[in-house]
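FYI, it's all coordinate maths here, none of it is from the lab. Only a predicted model underlies this, so the values are computations on that prediction, with no experimental measurement involved. Because the Cβ atoms are built from the backbone with ideal geometry, glycine has one as well, and the counts that use them run over all protein chains shown.
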Amino acid sequence: MNDTYFYDPAKGHGLKHDPFKAIVAPRLIGWISTRSADGHLNLAPYSFFGAFATFPAIIGFCSEGRKDSISNIEATGEFVWNLATKPLAEQMNRSSAPVGPEVDEFELAGLTPAPGRSVSVPHVGESPAALECKLLQIVRLNNLDGEPMDNYLALGQVVGVHIQNAYLKDGLFDTHAAQPIMRAGYRADYAQIGEMFQMFRPTA
């Protein structure tokens, strides 16, 4: 007996809410800072974010709709990812407000724009860690029919890393102490790291 619920996304899920984002969870938040061509700062969280390579380190986020972050990155070729944490959750949420491109979300959320070292884009001074990035490419996604979607994937190579010294323990970044928060479930659902465990990869 097959005790599972199956649906074809093209035909609808038939549930109270689309479960896709609740299944692909938790996800680190793409809290992205950018600067426009005319100097306006922008800070916005994105639900779809990930790391894609290590040598060199490459990260990316996807925007549903051509938002200010994508326009700014396309214009300047730079962005910064900031680690969103439990102590910064309210500020992160405030930076998601649907405001105009002239509004500085650093100021709106009461955050400190700390100057970059390898890019002209500031990072969130209160965040335990931030990754400065140079743009590699922006990809507009297509669906199975080859039709362009209103989704834009920005990939960047990490060219600078900021870590607050308080989160370095014996030369290791203390992820648990940093308290990263993640998207999990539906619109208002977030998660944070609980118990951690170690498991080493087999050698043969």
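Summary table below
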quantity: Longest exposed-site-free window of the chain, the sites being GluC sites (Glu not before Pro) in a DSSP loop that have at most 12 other C-beta atoms within 10 Å; calculated: 1-101
quantity: Sorted by Cβ neighbour density within 10 Å, fewest at the top, the residues PHE61, PHE200, PHE173; calculated: PHE200, PHE173, PHE61
quantity: Over the chain: helical MRE at 222 nm, DSSP H runs n ≥ 4 each giving -39500 (n - 2.57), nearest 500; calculated: -3000 deg cm²/dmol
quantity: Stretchable slack from VAL99 to HIS17, in nm (0.36 nm times residue separation minus alpha-carbon distance); calculated: 26.9 nm
quantity: Peptide ranges 30-36, 188-194 listed from the most packed, as the mean C-beta count within 10 angstrom indicates; calculated: 30-36, 188-194
quantity: 24 Å Cα-Cα reach of LYS86 towards lysines, excluding residues that sit fewer than 8 places from it in its own chain; calculated: LYS21, LYS169
quantity: Cα gyration tensor shape for segment 89-204, rounded if a/c is under 1.5, else prolate or oblate; calculated: rounded
quantity: Alpha-carbon centroids, segment 3-65 and segment 159-204: separation in whole Å; calculated: 18
quantity: Charge context of LEU155, other residues only, Cβ under 15 angstrom, K/R +1, D/E -1; calculated: -1
quantity: Environment charge of ALA166, counting only residues whose C-beta is closer than 14 Å and scoring Lys/Arg +1, Asp/Glu -1; calculated: -2
quantity: Shape of segment 1-61, Cα gyration tensor, a/c cut at 1.5; calculated: prolate
quantity: Cβ-defined net charge surrounding PRO56, 14 Å radius [Lys, Arg +1; Asp, Glu -1]; calculated: 0
quantity: Rg/Rh (Cα only; Kirkwood hydrodynamic radius) as it applies to segment 1-105; calculated: 1.07
quantity: The chain, relative contact order in percent, only Cα pairs under 8 angstrom and at least six apart counted; calculated: 23
quantity: Exposure proxy order (Cβ contacts within 10 Å, fewest to most) of LEU141, LEU155; calculated: LEU141, LEU155
quantity: Relative contact order [Cα under 8 Å, 6+ residues apart], segment 69-170, whole percent; calculated: 28
quantity: Overall form of segment 158-204 per C-alpha gyration tensor (a/c, 1.5; a/b vs b/c); calculated: oblate
quantity: Exposure proxy order (Cβ contacts within 10 Å, fewest to most) of HIS123, HIS162, HIS40; calculated: HIS40, HIS162, HIS123
